[in-house]
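J.: First, the structure itself, so that you have it in front of you.
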Amino acid sequence: MTLKLFFHPLASFCQKVLIALYENDTPFEPHIVDLADARSAEDFKKMWPIGKMPVLRDDAKDRTVPESSIIIEYLAQHYPGRTQLLPRDADLARQTRLRDRFYDFYVHEPMQKIVLDRLRPQAKNDPYGVEQAKSLLATAYGMIDQEMAAKTWAMGDDFSMADCAAAPALFYANEVMPFADTHKTVARYFDRLMKRPSFARAVKEAQPYFALFPK
Ligand SMILES: N[C@@H](CCC(=O)N[C@@H](CS)C(=O)NCC(=O)O)C(=O)O
């Protein structure tokens, strides 16, 4: 098989790319990376020394593609399908990238900060950083609540890379800072994302690993 995805089913940025692959039934060979295992981590870092998942390997084109957004752009360009992950129109593509960046930087990253702090040794906790992350998340929830009031998906009627970014970011953000009672529009958008078959599949595949998530 030409495409190989190096990922972990529980990892949120990996789910972002899984959604894109499942949207278009793009065939790929799954390679689960266990960063807690020294050998698996070492092998993975030979491919991408930064050590962050996911990474896509395309043997047919001899390309190694890291970074979730770049992988999705690569899939949109070289393996397009029924869901147009990135619009062809340059202005719409830029707006899609902005929303993708928004979910990565202002929902996904603060969520990760809160989750990773729970995994730190007690003496190494960063309460001020967590407070800042929660404040950023609250601002992002407020913005999404306004922005999504008249929309189905992040770009309007069409599902795109921005929704791939939003789904796992909101899924785990809702675990650390629930929004159902405070941001009804975010909750309704999240319901639609949960019902989208591509994301529902990614969540189902992550279920066996949920016990590893720090509550
Ligand atoms: N900017 C990266 C972020 C990827 C990322 O943070 N991946 C996490 C899993 S969700 C990871 O590999 N963490 C391992 C580590 O930081 O050591 C992307 O968009 O792919």
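The values are calculated or read from the model by the stated rules, or taken from the named source; none is laboratory data. Note that the structure is predicted; figures quoted are calculated from it, not measured. Heads up, the Cβs are rebuilt from the backbone with ideal geometry, glycines too, and the neighbour counts pull from every protein chain shown.
J.: Could you say whether any residue in segment 81-94 is buried (at least 21 other Cβ atoms within 10 Å of the Cβ), among the hydrophobic types (A, V, I, L, M, F, W, C), within 12 Å of the ligand (Cβ to nearest atom) and on the phi < 0 side of the Ramachandran plot?
T.: No, every residue in segment 81-94 fails to be buried (at least 21 other Cβ atoms within 10 Å of the Cβ), among the hydrophobic types (A, V, I, L, M, F, W, C), within 12 Å of the ligand (Cβ to nearest atom) and on the phi < 0 side of the Ramachandran plot.
J.: Say we look at segment 102-116 and pick out the residues that are in contact (Cβ under 8 Å) with a residue 40 or more places away in the chain and within 11 Å of the ligand (Cβ to nearest atom); which of these is nearest to A169 (Cα to Cα)?
T.: Selected residue: H108.
J.: For segment 68-80: of the residues being hydrophobic (A, V, I, L, M, F, W, C) and surrounded by 18 or more Cβ atoms within 10 Å (Cβ to Cβ), which is farthest from the ligand (Cβ to nearest atom)?
T.: A76
J.: Could you check, for segment 22-37, whether at least one of its residues is at pLDDT 95 or above, within 12 Å of the ligand (Cβ to nearest atom) and among the polar types (S, T, N, Q)?
T.: No, segment 22-37 has no match at all.
J.: Can you find a residue that is among the polar types (S, T, N, Q) and within 12 Å of the ligand (Cβ to nearest atom) anywhere in segment 49-67?
T.: no
J.: Have a look at G129, G156, G142 and point out the one that is of a type outside the set (D, E) and closer than 29 Å to Q84 by Cβ.
T.: G156
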